[in-house]
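Worksheet: the structure to be examined is printed underneath.
The values are calculated or read from the model by the stated rules, or taken from the named source; none is laboratory data. Just so it is clear, the model here is predicted, and its values are computed rather than measured. Virtual Cβ from ideal backbone geometry, glycine too; neighbours counted across all protein chains shown. Heads up: the accessible areas ignore ligands, DNA and RNA and are worked out on the full protein's heavy atoms, side chains in. Shrake-Rupley method; radii C 1.70, N 1.55, O 1.52, S 1.80 Å.
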Amino acid sequence: CEYLKTYICEGASIGANATILPGLKIGKNAMIGAGAVVTRDVPPNAIVIGNPAFIKGYANTENRKADQIVQPNSSGVVQSSIKGVRYKTLPVISDLRGSLSFAEINQHLPFIPKRYFLVYDVPSQDVRGEHAHKELSQFLICVKGSCAVMLDDGQAREEYTLTSPGQALLIPPMVWGVQYKYSSDAVLLVLASDVYKESDYIRDYGQFLNLCIKDQ
């Protein structure tokens with residue numbers, strides 16, 4: 001009888017009385033909370049708690065919520081410590097008839113979209129993304145509800161919480177992105193600079209780090 005192997009990667013820590021099902025992989029520098037029951041693979045740098053375990057956050061990540069972000073410049077842009085990432089405030093027009101938000105190419109949106117997709121009906125403890133792109137850029141707007149976006153360039157990590165159609169996040173190529181902490185009513189709109197190409201995806205975090213080192 002051959003038993004399934006459990007892999008604990010470098011730098012991972014496991015709290016007291018945590019239970020990890022066989023055959024799973026605990027990613028590099030991940031943190032398992034005390035008493036957690038881990039039923040799925042844990043991504044690198046993730047902090048998981050609970051039964052069943054869910055991702056609470058990511059280690060060494062700077063959280064940047066809308067009400068904590070420094071004042072945007074005259075173009076409505078907040079610079080990020082991660083190269084190429086931009087948090088943007090979009091125009092919002094409100095009156096008795098309701099509210100309207102918009103974005104124009106070149107003024108707010110730095111590329112002509114060739115594809116869009118919507119992410120919705122995501123269970124609050126589930127995670128989307130967990131990849132980077134070699135050449136693709138993305139423009140994220142949470143048009144309803146809220147969600148958190150964790151970004152990683154191989155050296156620094158930042159987390160943004162999108163809570164309004166008047167907020168947008170530009171993610172350039174070679175930035176690892178994760179979307180999680182979805183509210184039950186969240187609808188995330190993603191505009192992409194190119195059509196879907198599987199060859200453009202980097203889905204392994206170790207490979208991503210190696211490519212980041214080569215680009216330096």
Give the aspartates and glutamates whose C-alpha is closer than 13 Å to that of Lys88, dropping any in the same chain fewer than 8 places away, or say none. Glu104
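With every protein chain present, what is the per residue accessible area of the chain (1.4 Å probe, Å²)? Intermediate values should be presented prior to the final figure.
Numbers: 12010 Å² over 216 residues.
With all protein chains present, the chain gives 56 Å² per residue.
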Label Gln107 and Ala16 with points 7 Å out from Cα along Cα→Cβ: what is the distance between them in nm? 6.0
Out of the DSSP beta bridges found with both residues in the chain, what percent are antiparallel (nearest 5)? 75
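Let me have the 222 nm mean residue ellipticity of the chain computed from DSSP H runs of 4+ only, each contributing -39500 (n - 2.57), with the sum over all residues rounded to the nearest 500. Intermediate values should be presented prior to the final figure.
On the way: 1 runs with 11 residues, N = 216.
Theoretical 222 nm ellipticity from helices: -1500 deg cm²/dmol.
Which semi-axes, in whole Å and largest first, does the equivalent ellipsoid of the chain have when worked out from the alpha carbon gyration tensor as the square roots of 5 times its eigenvalues?
Values: eigenvalues 212, 79, 50 Å².
They are 33, 20, 16 Å, listed largest first.
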Going down the table (Lys28/Lys181; Lys25/Lys144; Lys28/Lys144; Lys144/Lys214), which pairs top 31 Å between alpha carbons? Lys25/Lys144; Lys28/Lys144; Lys144/Lys214
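Using 1/(1 + (r/R0)^6) with R0 = 22 angstrom and r between the beta carbons of Asp194 and Val92, what's the FRET efficiency to the nearest 0.05?
Taking R0 as 22 Å, the efficiency between Asp194 and Val92 is 0.20.
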Using only Cα atoms, find the angle between the long axis of helix 205-215 and the longest principal axis of the chain, and express it within 0 to 90 degrees, rounded to the nearest 10. 60
Which order do the peptides 188-201, 2-15, 23-36, 168-181 come out in when sorted by mean C-beta neighbours inside 10 angstrom, highest first? 168-181, 23-36, 188-201, 2-15
Applying the gyration tensor rule to the Cα atoms of segment 19-59 (axes a ≥ b ≥ c; rounded if a/c under 1.5, else prolate if a/b exceeds b/c, else oblate), the class is oblate
Stretch Tyr7-Glu135 to full length: gain in nm at 0.36 nm per residue minus the Cα-Cα span? 42.9 nm
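Counting only Cα atoms, I'd like the Rg/Rh figure for segment 75-164, Kirkwood definition for Rh.
Numbers: Rg = 14.6 Å, Rh = 15.2 Å.
For segment 75-164, the value is 0.96.
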Separation in nanometres of the label points that stand 7 Å from Cα toward Cβ, at Leu24 and Asp204: 2.2
Packing-based ranking, highest mean first, of 84-97, 149-162 given that Cβ atoms within 10 Å are counted: 149-162, 84-97
